[in-house]
1. Over the chain, give the accessible area per residue in Å² for a 1.4 Å probe, as an integer.
2. Give me the percent of accessible area attributable to carbon and sulfur for segment 308-455, probe 1.4 angstrom.
3. Among Ala328, Leu300, Gly311, which residue has its Cα furthest toward the positive end of the charge dipole of segment 274-337, with +1 on Lys/Arg Cβ and -1 on Asp/Glu Cβ?
4. Only sites in a loop by DSSP and with at most 14 other Cβ atoms within 10 Å count here; which trypsin sites (Lys or Arg not before Pro) in segment 161-222 make the cut?
5. For segment 193-200, take each phi angle, set θ = phi - 60°, evaluate the Karplus expression 6.51 cos²θ - 1.76 cosθ + 1.60, and give the result in whole Hz per residue in order, putting x for glycine and proline.
6. Quick check on packing: order 342-350, 162-170 by the mean number of other C-beta atoms within 10 Å, highest mean leading.
7. Which of the peptides 428-436, 352-360 is most tightly packed, and how do the rest follow, judged by the mean count of other Cβ atoms within 10 Å per residue?
8. Looking at the square roots a ≥ b ≥ c of the eigenvalues of the Cα gyration tensor of segment 188-318, which shape do they give, rounded for a/c under 1.5, prolate if a/b is larger than b/c, or oblate?
Amino acid sequence: MPPETLDSLDKDSLKSLVLQLLAQNNELLQQIKTLLARIAELEARAGQPPKTPTNSSLPPSSGQKANRPEPQKKGRKGRPGVARTLAANPDATREIYAETCSCGATLSPANQPHVLAYDHIDLPPIKPITTRINLHKGHCPCCKTRVAAKPPADMMPGSPFGPGIVSLVTYLHACQMVSYNRMIEVLDGLFGLKLSEGAIANMLARAEKPFAAHASEIAETVRTSPVIASDETSARVCGKTHWQWTFVATSAVYHTIAPTRGKAVPTAFLGDAKPKVWLSDRLAAQGNHAEAHQYCLAHLIRDAQYAVEAGDTVFAPAFKAFLKDACAVARRRPDLADATIKGHARRLQRELDRLLRLVPVQADGRHLRDSMIVDGHDKLLVFLTRRDVEPTNNGSERALRPSVIFRKVTNGFRSGWGAKVYADICSIVATGRLAGRSALSAIRAALAAHAAAPA
């Protein structure tokens, strides 16, 4: 504003202008304060090590693998050859004898007592079996009532595809990540079975009910287990981010896909149940679901490694050694007596108490120490009080690994029912593997159990 304009303003106008400028000045000062804090944060972060799968919870796929060094050329040491073991019960045996000798003499089986045996393995041509059902009807010769034959229980009218084809389609899609388009080619090329994408989708839609019923039984088994391990990973449903949760017990594994990563999911799953021990990482949504909580020590080892790389020399290195010592005791636990395990528990608890009294100066080490004091001191050695509790959450992570691969291959689900069916299939397959069943046999058993159930 030019000086001549200021000179022409009255007292009230000047006062209003000054107040306006003061408010603008205060607003600018607040922005400067915010920017200075942001600059300080960025400067502090500039000296920190990068997050990698070895020092954080980042997935292994996000890491950069180093190039493998060139192998040194060495002479190969001799060793005895290894051949495939002969089948214990071959389907057929052919006895082949030499007919003549090179000298022209005729040979008989009695001249050939020694045998060189080997197996020849092949697949016969595989084709689907089509059974035509003719339901006859007519009139009773006695009362003239119209009668009709009932369809066989194992071949009801409706879908023409039996449980063997439904099981195979489910297995190829959910377990081997074969898309609908590729599955059409696979089934036609291997079995001469011609299907459409709509037929495949209808098969999975019809299988939703038996899979859901079986998965509900699995959920109840997990829910009533004394020890439950849990983890979660992202999933895409209808173009939006959802979360696939897994709840792992000794004899069953349950999967569910929900639109949230919050505490509502495990709370709704458990209902009124309260297990003895909950095993998970330090996600807040995983807390306070059981009488005791075991933190995954593998996650904490990576957190300690990050604090070491960030410069902490007081707490993090000793804490990492403590965690590795605890994991070593867990590996030897099957061979240790109860009294020996209690002795290790007392020793490790004393070491933990000593570590928590340390005063690290570096920020990451101090943050890790403080988090253990506030919420972790009673969640590190629970596995030494029960033999059915593991020190790490590796079981849950293994249960989710196929789903991570499925997500990357398929880019997720185009419908909510598809996500629900997939989660139920994951529950059936993972639980079947704990019982020694293959994925295909577990799927087929779930369909058979529903077919045999009374209507």
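The values are calculated or read from the model by the stated rules, or taken from the named source; none is laboratory data. Everything quoted here is computed from the prediction, not taken from an experiment. Backbone-built Cβ (ideal geometry, glycine too); neighbour counts: all protein chains shown. Just the protein is used for accessible areas: all its heavy atoms, side chains included, with ligands, DNA and RNA removed. Shrake-Rupley method; radii C 1.70, N 1.55, O 1.52, S 1.80 Å.
1. On the way: 29770 Å² over 455 residues.
Averaged over the residues of the chain, the accessible area is 65 Å².
2. Values: 4340 of 7760 Å².
Here carbon and sulfur together make up 56 percent of the probe-accessible area.
3. Of Ala328, Leu300, Gly311, it is Ala328.
4. Passing both the DSSP loop test and the Cβ count: Lys194.
5. For segment 193-200, the Karplus curve yields 9, 9, 10, 10, 4, x, 5, 5 Hz.
6. Numbers: 342-350: 14.3, 162-170: 19.9.
Top to bottom by mean Cβ count within 10 Å: 162-170, 342-350.
7. Numbers: 428-436: 19.1, 352-360: 14.2.
Packing proxy ranking, top to bottom: 428-436, 352-360.
8. Numbers: a/c = 2.68, a/b = 1.72, b/c = 1.56.
Prolate is the answer for segment 188-318, as a/c is 1.5 or above and a/b outweighs b/c.
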